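Structure record follows, encoded as structure tokens.
The values are calculated or read from the model by the stated rules, or taken from the named source; none is laboratory data. Treat the numbers as computed from the prediction; the structure is a model and nothing was measured. Heads up, the Cβs are rebuilt from the backbone with ideal geometry, glycines too, and the neighbour counts pull from every protein chain shown.
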Amino acid sequence: MPYRSLADFLDDYTAPGTLFEPAGDAGVVRCQACAHACRLKPGQRGICKVRFNRDGELRVPWGYVSGLNADPIEKKPFSHFLPGATALTFGMLGCNFHCQFCQNWVTSQVLRDPASDMAAGSIQALPPRQLVEVARRTGSRVVASSYNEPIITAEWAMALFAPAREAGLRTVMISNGHASPRALKTLHPLLDGLKVDLKCMQAESYRRLGGSLQAVLATIQLARELGIWLEVVTLVVPGFNDSSDELWQAARFLTSVSPDIPWHVTAYHPAYQEDAPPTPAATLQRAAEIGQEAGLRYVYAGNLPGRVGSLEDTRCPACGALLVERTGYRIRQCRLDASGLCPCCGTAIAGVWSSQ
């Protein structure tokens, strides 16, 4: 093998970054992609492991994807963003968190957990405009950055999003929400939708995952202020964040930002280093009821298709009419057109209903 290490291999797929600022001393930079705001001396890597200082220059992931799949937009999950659309989803490697229950740990924990080194074999070079060609071949209406944490690879995402938007495609990110305000504002002109994981409401629990609760709450608020379409997901893990008190805290916070934010409470299945049992359907139903009682207009239960009653469907918050009927990622019927108006009472349903 011509490379001394996996880090050497990945470092060849980098370019000069833009989300940074000089940090006083010669050659020292402060990365401004995520809320960690790592201060990096020459030779140092950020918490994410994939952004690093090379001789005073911030280098960032560039020029490749480690996963490229045409998925239903509902898988992201988005329930109020072009229902039934196909999203061409790309990922890279690395993350600024180290969640013990990560579903995508093979790609996210590269350079942190040696067991994830196999992910390097999935890398393929991809010129930005080729992504548009693949989207056209797959009938995709959306381009999505996912699989790892997209905020830490924001420069590359923007390089792909620009030609996608020119071609009339919508763009979304599936993120843990630990973004810097500068990154979110920089992405804003090219970003139509953002899914944020609100993992819990305890600051200490967030610190154990590698992040800051307040930073994630600030991202949710800023995304809403900027007008980026926002949906929030809480993976409900037994014994970690499934108490009624914590679910109430999450629901009340989201309602305070906007009752129109769709909240997805989803079932945990054993993954990576977490040994908690799978989330029961009854727990998701309780969580959804809390969200509804807190004033959220659109609450969904996910990862247990067919086992959570009507909590997979979209209903009009005014008249209760069934608007989008779902089982898992499958749309059984959609009564909303590009106007986004309830066909029964004319109420405007919050969301993105047109690709224009």
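What pairs can you find where one residue is in region 326-340 and closer than 12 Å to ASP313 by Cα and without any contact (Cβ under 8 Å) to a residue 40 or more places away in the chain, the other is aromatic (Phe, Trp, Tyr) and outside any strand (DSSP E or B), and their Cβ atoms are less than 7 Å apart, with a gap of 6+ or different chains? Matching pairs, first to second residue: none at all.
Scanning region 17-54 for residues that are of a type in the set (A, V, I, L, M, F, W, C) and without any contact (Cβ under 8 Å) to a residue 40 or more places away in the chain gives PHE20, ALA23, ALA26, VAL28, VAL29, CYS31, CYS38, LEU40. Can you tell me which residue in region 103-118 is nearest to the chain's Cα centre (by Cα), limited to those that are hydrophobic (A, V, I, L, M, F, W, C) and either surrounded by fewer than 16 Cβ atoms within 10 Å (Cβ to Cβ) or part of a helix (DSSP H, G or I) (or both)? Per the criteria, the residue is TRP105. Within region 300-313, no residue satisfies the criterion of being touching a Phe, Trp or Tyr at 6+ places or on another chain (Cβ under 7 Å) and either within 17 Å of GLY340 (Cα to Cα) or surrounded by fewer than 21 Cβ atoms within 10 Å (Cβ to Cβ) (or both). Residues that are within 15 Å of the chain's Cα centre (by Cα), within 25 Å of GLN285 (Cβ to Cβ) and either free of Cβ contacts under 8 Å to residues at least 12 places away in the same chain or buried (at least 21 other Cβ atoms within 10 Å of the Cβ) (or both) are absent from region 238-256 altogether. Only one of the numbered conditions (1) surrounded by fewer than 21 Cβ atoms within 10 Å (Cβ to Cβ); (2) more than 29 Å from SER108 (Cα to Cα); (3) under 21 Å from the mean Cα position of the chain (by Cα); (4) not aliphatic (A, V, I, L, M) is not met by GLY291, and that is (1). Checking the structure you have, find out if any residue of region 17-29 is touching a Phe, Trp or Tyr at 6+ places or on another chain (Cβ under 8 Å), within 24 Å of VAL143 (Cα to Cα) and assigned to a loop (DSSP other than H, G, I, E, B). Checked against the condition, which is being touching a Phe, Trp or Tyr at 6+ places or on another chain (Cβ under 8 Å), within 24 Å of VAL143 (Cα to Cα) and assigned to a loop (DSSP other than H, G, I, E, B), region 17-29 yields no hits at all.
Here PRO259 does not fit the description of being assigned by TED's automatic domain parsing to the domain that holds LEU209, at pLDDT 95 or above and either assigned to a strand (DSSP E or B) or farther than 21 Å from LEU323 by Cβ (or both). Looking across region 55-72, just one residue is part of a strand (DSSP E or B) and free of Cβ contacts under 8 Å to residues at least 40 places away in the same chain, and that is ASN69. Restricting attention to region 141-158, the residues that are more than 17 Å from ARG51 (Cα to Cα), surrounded by fewer than 24 Cβ atoms within 10 Å (Cβ to Cβ) and either touching a helix residue (DSSP H, G or I) at 6+ places or on another chain (Cβ under 7 Å) or outside the structural domain of PRO127 (by TED's automatic domain parsing) (or both) total 0.
With crowded, with 21+ Cβ neighbours inside 10 Å and assigned by TED's automatic domain parsing to the domain that holds LEU323 as the only criterion, which of LEU194, LEU217 stands out? Walk me through it before giving the result.
Details: LEU217 fails: crowded, with 21+ Cβ neighbours inside 10 Å.
From the options LEU194, LEU217, the qualifying one is LEU194.
VAL265 - would you say it is in the same structural domain as GLN103 (by TED's automatic domain parsing), closer than 14 Å to CYS200 by Cβ and touching an Asp or Glu at 6+ places or on another chain (Cβ under 8 Å)? For VAL265, the condition - in the same structural domain as GLN103 (by TED's automatic domain parsing), closer than 14 Å to CYS200 by Cβ and touching an Asp or Glu at 6+ places or on another chain (Cβ under 8 Å) - is not met. Entry remark, region 1-23: residues being in contact with a strand residue (DSSP E or B) (Cβ under 9 Å, 6 or more places away or on another chain) and more than 11 Å from GLU57 (Cα to Cα) number 7 in total. In region 151-188, what residues are touching a residue at least 40 places away in the same chain (Cβ under 8 Å), in contact with a Gly (Cβ under 9 Å, 6 or more places away or on another chain) and not hydrophobic (A, V, I, L, M, F, W, C)? Scanning region 151-188 gives THR153, GLU155, ARG170, ASN176, GLY177, HIS178, HIS188.
Can you name every residue in region 1-16 that is assigned to a loop (DSSP other than H, G, I, E, B) and free of Cβ contacts under 8 Å to residues at least 60 places away in the same chain?
Result: MET1, PRO2, TYR3, ARG4, SER5, ASP12.
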